[in-house]
Amino acid sequence: MKKLLYYTRKPIDSNYYDARIAFSMHLALENDGKYVPLNHNSGVLFALATENEDGSLNPKCLKNPCVFKMRDGRFGISAIRTDGEGNADYESEGSIVIFVSNDLIKYKELGLIRLSKSLIEKAVCEYDKENDYYIIKWCGGDYKWFVSKISEFLPCDVSGEVYETKTPAFDAVQTDIEGVADYGITDISDEIADRLIKKLTVATHVDTIIDKEIKVNNIDDLNKVRACAVYSDKTTALKRIDWDVTEVDFNTPGEYNVKGKIHQDHFEFPIAYNRADPCITYWNGKYYFIATNDADGNHSLYVREADSIPKLVSAEEKLILDSETYDYAKGLLWAPEFHEIEGKLYIFLALTPGEFFCEESHVMALRKGGNPSVKDDWSAPKRVVRKDGTDICEAGKEITLDMTCYMWQGDYYVVWSQRQFVPKDLGAWLYIAKLNPDEPWKLLSDPVVLSKPDYGWANNHTFVDEGPFALLFEDRIVLTFSSAAVDTSYVVSMLTIDKGKDLLVRENWEKCNYPILTSRSVPGEFGTGHNAYVIDEYGDIWNTYHARPGIDGVRSSGIRRVHFDIDGLPVLDMVEENDVSEEHSTVECKIIVT
């Protein structure tokens, strides 16, 4: 058994740790008498916002969490729900909010258990196995403790006997974890603890495996050999090798002992200042980079072309669109993305005739045989419309942006961010629809709401879900997206859906309860977000994203290899020294030249 500390944090300030993220449940595991925080000391369990009739959201947080084992072996979590700033939440007056979890990584919010007519300050829950019911001990602002009993840990209004009791005993803990506020301790199995470590800490490179004997005909055969990098969480990644073959004569059959070093491309952050929402594609043997241009206030788009991803860093930028080219594109040019549809290359982007409130999604097509870095090879942008040709939304009242595209099981889909400002600002929501591949500026189905910014990390500083981009696997889709304001609060989280499920049914998607990339993930990178992926010619997947090099830094582009955790989900914060350690970077073997 292992000791688990669960706690909320004290807010620091709007730049480092706001109330919206501090008032969530955090986890730490005991190791040699000391508690070690998980997930970069960031929250893993957040309360859902409540929704009004007009679709607007009321942000919620939580305090005083309690973790306990349920009748069926799952974890139950109770907490006091607060408003978005950690203050009393009169919507849930007299209630506790309840969650269930199998592994303390994925959580499902069930709702409220109403215990009293006045605000509750703290509650602790436990399952009484002998009597087969749940005991809830709770107190209000006067700290008089009462007991309620329920047969099922489900949303309800508790009726029956409620009686006063003594103040429960709480474990005392001493820890140097930054910001620990209200907390509790529970025992968890070694298996659950191991899973928490593997999911909520960044793995490190601990070993490298390679065949001891390799038969080759030539240098090309040798360069196809891959080493297997092994990580502390037992995951692996295949790596290219830079071989020293100075003593090898490939024209003379025989045995040779050779050494090599794991190949690793090095990318300093940032790779491009004043470039946000970056995207790279591999097209006809070349790599192309495009991004929002913050240097001129988002009035131009440039493309870089190179033979490799590392060479994009220093490649020349070539203008392909500016706000002087078309009368209807005089304003902000935002979030361009390359997408291939039916063998043709397109750029999805948002633009406006001038006013911000008229920003809408458009599509540009590359002419047959054209070069993506040549301005004249791109068509004029066409506005994306519904299947009947009408606008997706009314310009001046709503905007659409950050449209992404992917093909899944024979159909093309687009996901985008849409925000209503009039008559009321509802925040930015993610929508999904099928796309007509013959006319990729036309939808094939009606738009469906996919996600709203209903967690504290998504409505921090502003209510925004945006920047979606899909990773496609044989058995599921992982759709990462960005949330909150485009300042230090900007984060990345994800939605997943299994193969065979209808993508246009919101309930079929599973939303991660916490962000997977934040300002706390990599030192010196603030407001990480709006990411996109590219698969290189070797099969490696790279994440492009923007962040700020310092709290007041400009939005700038970065790139990092995507690792995959024990569940096959993307890890976006594995820095280069964890990806390839110097200690395990050298390999040697015998090659047999035939």
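The values are calculated or read from the model by the stated rules, or taken from the named source; none is laboratory data. Being a predicted model, the structure only gives us computed values, none of them experimental. Because the Cβ atoms are built from the backbone with ideal geometry, glycine has one as well, and the counts that use them run over all protein chains shown.
Candidates in segment 440-464 are the residues that are more than 17 Å from residue 546 (Cβ to Cβ), within 16 Å of the chain's Cα centre (by Cα) and not small (Gly, Ala, Ser); of these, the one that is surrounded by the most Cβ atoms within 10 Å (Cβ to Cβ) is 455. Only residues that are more than 24 Å from the chain's Cα centre (by Cα) and either under 16 Å from residue 8 (Cβ atoms) or in a loop (DSSP other than H, G, I, E, B) (or both) were counted across segment 180-212, and they come to 11.
Yes/no matrix, rows are residues, columns are (1) out of contact with any helix residue (DSSP H, G or I) (no Cβ under 8 Å at 6 or more places or on another chain); (2) at positive phi; (3) in the same structural domain as residue 11 (by TED's automatic domain parsing); (4) surrounded by fewer than 20 Cβ atoms within 10 Å (Cβ to Cβ):
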residue	(1), (2), (3), (4)
66	yes, no, yes, no
69	yes, no, yes, yes
72	yes, no, yes, yes
78	yes, no, yes, no
84	no, no, yes, no
93	yes, no, yes, yes
99	yes, no, yes, no
104	no, yes, yes, no
108	yes, no, yes, yes
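Annotation note: Cβ proximity below 8 Å between a residue of segment 71-86 that is in contact (Cβ under 8 Å) with a residue 60 or more places away in the chain and a residue that is of a type in the set (Asp, Glu) and in a loop (DSSP other than H, G, I, E, B) (sequence gap 6+ or interchain) occurs for 71/132. Somewhere in segment 464-474, is a residue farther than 17 Å from residue 21 by Cβ, assigned to a loop (DSSP other than H, G, I, E, B) and outside the structural domain of residue 224 (by TED's automatic domain parsing)? For segment 464-474, residues farther than 17 Å from residue 21 by Cβ, assigned to a loop (DSSP other than H, G, I, E, B) and outside the structural domain of residue 224 (by TED's automatic domain parsing): present. Candidates 167, 186, 175: the one that is within 30 Å of residue 134 (Cα to Cα), of a type in the set (S, T, N, Q), surrounded by 14 or more Cβ atoms within 10 Å (Cβ to Cβ) and in the same structural domain as residue 126 (by TED's automatic domain parsing) is 186. Tell me which residues, restricted to segment 82-108, are in a strand (DSSP E or B), under 14 Å from residue 155 (Cα atoms) and touching a Lys or Arg at 6+ places or on another chain (Cβ under 6 Å). 95, 97, 100 - these are the residues of segment 82-108 that are in a strand (DSSP E or B), under 14 Å from residue 155 (Cα atoms) and touching a Lys or Arg at 6+ places or on another chain (Cβ under 6 Å).
Scanning segment 506-545 for residues that are at positive phi, crowded, with 20+ Cβ neighbours inside 10 Å and in a loop (DSSP other than H, G, I, E, B) turns up nothing.
Taken residue by residue, segment 338-353 has at least one member that is in contact with a Lys or Arg (Cβ under 8 Å, 6 or more places away or on another chain), surrounded by 15 or more Cβ atoms within 10 Å (Cβ to Cβ), farther than 21 Å from residue 480 by Cα and of a type outside the set (Gly, Ala, Ser).
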